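The values are calculated or read from the model by the stated rules, or taken from the named source; none is laboratory data. Here the structure is a predicted model, which is why all the values come from computation and not from measurement. Glycine gets a Cβ as well: all are built from the backbone with ideal geometry, and neighbour counts include every protein chain shown.
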Amino acid sequence: MIPAAETVDRLRTSAQAKKLRLTPQRDLMLRILGTVRQHLTADQLFRRVRAVMPSVSHATVYRNAQTLVRAGVITALERPGGPVRYDVNLDGHHHFVCDRCGRVADVHVARLSWRTRPRSRELDGARVTGCRLQLHGLCARCRSGK
């Protein structure tokens with residue numbers, strides 16, 4: 001596991017390389033995202049930012065999170081019926097999502113091989129640039145009933 005300080009430094013460097021200004025709000029968001037070991041929702045991120053900067057609005061946090069996603073500094077994990085969660089780990093990995101509590105965990109797969117059906121007309125002329133896999137089920141805590 002990469003130390004939090006290194007993760008925060010990497011996030012700041014990435015944001016600056018993408019020509020994003022490190023406003024106090026944005027810098028705080030990167031520090032929070034870089035030090036937690038979970039995939040925060042926009043609401044969770046907002047509450048943590050607000051605890052340090054009481055005057056910040058939900059819209060400011062959400063807008064800055066979307067800017068960081070569009071710039072490729074962080075990624076957004078979306079699942080039907082669930083809130084968007086933010087991920088700072090840009091290394092090749094996938095996710096496990098607990099269907100009961102919503103917990104998200106990184107899953108590192110040594111090798112994943114896939115291909116599309118040759119007759120898939122929907123992809124004619126398309127160029128696939130990646131694949132994201134989400135595994136679903138019940139986490140150990142939910143399975144044990146704790």
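Annotations
Table: residues versus (1) under 28 Å from L133 (Cβ atoms); (2) acidic (D, E); (3) surrounded by 13 or more Cβ atoms within 10 Å (Cβ to Cβ).
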| site | (1), (2), (3) |
| --- | --- |
| K18 | yes, no, yes |
| L28 | no, no, yes |
| V36 | yes, no, yes |
| L45 | yes, no, yes |
| S55 | no, no, no |
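- The residue list G102, G34 contains one member that is assigned by TED's automatic domain parsing to the domain that holds L135 and either within 16 Å of the chain's Cα centre (by Cα) or modelled with pLDDT of 85 or more (or both), which is G102.
- V69 vs. criteria in contact (Cβ under 8 Å) with a residue 24 or more places away in the chain and of a type outside the set (S, T, N, Q): no
- N64 fulfils the conditions (1) without any contact (Cβ under 8 Å) to a residue 12 or more places away in the chain; (2) within 29 Å of L133 (Cβ to Cβ); (3) of a type outside the set (D, E) except for a single criterion, (1).
- Residues of the stretch 45-61 that turn out to be within 13 Å of the chain's Cα centre (by Cα) and not hydrophobic (A, V, I, L, M, F, W, C), as a count: 0
- Restricting attention to the stretch 56-81 and to residues that are hydroxyl-bearing (S, T, Y) and modelled with pLDDT of 95 or more, the residue that is farthest from Q16 (Cα to Cα) turns out to be S57.
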